[in-house]
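A quick write-up on the structure given underneath.
The values are calculated or read from the model by the stated rules, or taken from the named source; none is laboratory data. None of the values given here were measured: they were computed from a predicted structure. Glycine also receives a Cβ, built like all others from the backbone with ideal geometry; neighbour counts cover every protein chain displayed. For the accessible areas, the whole protein counts, side chains as well, though only heavy atoms, and no ligand, DNA or RNA atoms are used. Shrake-Rupley method; radii C 1.70, N 1.55, O 1.52, S 1.80 Å.
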Amino acid sequence: MATTAFFIKPETSPERRALYERLDEKSTAPLWEVLAKLVPPEPRTSCVPTLWRYDEIRPLLMEAGRLMTAKEAERRVLVLENPGLRGGSQITQSLYAGVQLVLPGEIAPSHRHVASALRFIIEGEGAYTAVDGERTTMRPGDFILTPSWTFHDHGNPSDRPAIWLDGLDVPIVNLFDTSFADHHPKETQPVTRPEGDATARYGSNLLPVDYTPRSLSAPVFSYPYARSREALERLHRNGPVHPRHGIKLQYVNPATGGYPMPTIAAFLQLLPASFRGKPYRSTDATVYCVAEGRGRSRVGDSTLMWGPHDVFVAPSWKSVWHEAQDEAVLFSFSDRAAQKALGLWREEDL
Ligand SMILES: [Fe+2]
């Protein structure tokens, strides 16, 4: 479809309006009245560029921790709602994001759902997420999966609060009306494999000799920050630095080289100190969480100043360029996996 061609709404007349009223009575409607809105020549989203400052969100989350137990809440999460999409628990048109707190000694009970989830750890050492009978310790910067329909619970045996960013494809699952969810019979699922088993089995540049995929998601569920950060550091030393993305890597399913989950793509990028990125845009609205450093991003007409642990969102097809003050590391996720699988994704260097 040509981007210059717009669908023009025809003039109305008393006779036409009378017809539209009769159509309405029969649950029908004239396409020509809505075509321009229905099929825009380029993405026209209600999602707006927004930043959530961690130093403003954290006290509210801790206050929620005083008033509400993790068990009572099922998950004690502050949903990050895009101001252009209020009321739908959406940070973008297709994604949900929230900031979750598990206090020392608490357990978030075991459940599963069709929606796929990721965690990006912000604070705490020693809390765990259990997936498929294996617990993994969560440290700041770790990227953790709880794929579709896998039982997962969180616990915090440490003496400090554990806080992380949750990202889920709930709006996609609900678009298709395909949501199912249930509880594990036990509050905490039994541990059937020692920590590190999945990484040894599937995440060491090796796979079991008789490996067959059990799902569309990665068979590993923990991507430790120490390893990812070391890769970024080494590639920064080796160069080159991409003029738009700095040093940007994507998280992969080690068995396929594809995205870690069928709907969600995730990335980690290093922006060197004083980096001044050129503008870029793509159709996947993207949620960023600052792992390290300070800087600012121009997103469409907005300038978002960010520091450690802040979360911000870049809507579909808005120009984005990043500038780092000191060396910075940005985690990000989007629905690029789903868009590519459906043949919808586009990008453009501006
Ligand atoms: Fe969950």
Checking the structure you have, find out if any residue of region 206-221 is open to solvent by less than 100 Å² (accessible area, probe 1.4 Å) and outside any loop (DSSP other than H, G, I, E, B). no
Within region 147-156, is even one residue over 27 Å from N253 (Cα atoms) and either in contact with a helix residue (DSSP H, G or I) (Cβ under 8 Å, 6 or more places away or on another chain) or modelled with pLDDT of 95 or more (or both)? yes
Filtering region 31-53 for residues that are touching a residue at least 12 places away in the same chain (Cβ under 8 Å), part of a loop (DSSP other than H, G, I, E, B) and open to solvent by less than 80 Å² (accessible area, probe 1.4 Å) leaves a count of 8
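Name every residue in region 223-256 that is hydroxyl-bearing (S, T, Y), out of contact with any Lys or Arg (no Cβ under 9 Å at 6 or more places or on another chain) and assigned to a helix (DSSP H, G or I), in order of residue number.
Just the residues of region 223-256 that are hydroxyl-bearing (S, T, Y), to begin with: 223, 225, 228, 251, 256.
Imposing the further condition that a residue be out of contact with any Lys or Arg (no Cβ under 9 Å at 6 or more places or on another chain) reduces the set to 223, 228, 251, 256.
Scanning region 223-256 gives a single hit, S228.
Being free of Cβ contacts under 8 Å to residues at least 24 places away in the same chain, within 16 Å of the ligand (Cβ to nearest atom) and of a type outside the set (A, V, I, L, M) narrows it down to one of E56, E81, E72, so name that one. Let's see the steps before the verdict.
Values: E56 fails: within 16 Å of the ligand (Cβ to nearest atom); E81 fails: within 16 Å of the ligand (Cβ to nearest atom).
Checking each option against the conditions leaves just E72.
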Among residues of region 292-315, those that are under 10 Å from T50 (Cβ atoms) and open to solvent by 20 Å² or more (accessible area, probe 1.4 Å), counted: 1
In region 84-105, which residue that is open to solvent by 10 Å² or more (accessible area, probe 1.4 Å), closer than 27 Å to Q339 by Cα and in a loop (DSSP other than H, G, I, E, B) is farthest from the ligand (Cβ to nearest atom)? R86
Subset of region 147-158 [open to solvent by less than 30 Å² (accessible area, probe 1.4 Å) and either in a loop (DSSP other than H, G, I, E, B) or of a type in the set (G, A, S) (or both)]: P147, T150, G155, N156, S158
Residue within region 106-122 that is away from the ligand (no atom under 15 Å from the Cβ), open to solvent by 10 Å² or more (accessible area, probe 1.4 Å) and within 16 Å of the chain's Cα centre (by Cα) present: no
Can you pull out the residues in region 59-75 that are open to solvent by less than 70 Å² (accessible area, probe 1.4 Å) and either of a type in the set (S, T, N, Q) or at pLDDT 95 or above (or both)? L61, M62, A64, G65, T69
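Taking into account only those residues within region 128-146 that are more than 14 Å from the ligand (Cβ to nearest atom) and part of a loop (DSSP other than H, G, I, E, B), which is farthest from V252 (Cα to Cα)? Can you show your working first?
Start the filter on region 128-146 by keeping residues that are more than 14 Å from the ligand (Cβ to nearest atom), which leaves 128, 133-143.
If we keep only those that are part of a loop (DSSP other than H, G, I, E, B) too, we end up with 133, 139-142.
Working: G133: 22, R139: 20, P140: 19, G141: 16, D142: 14 Å.
Filtering region 128-146 for residues that are more than 14 Å from the ligand (Cβ to nearest atom) and part of a loop (DSSP other than H, G, I, E, B), the one farthest from V252 (Cα to Cα) comes out as G133.
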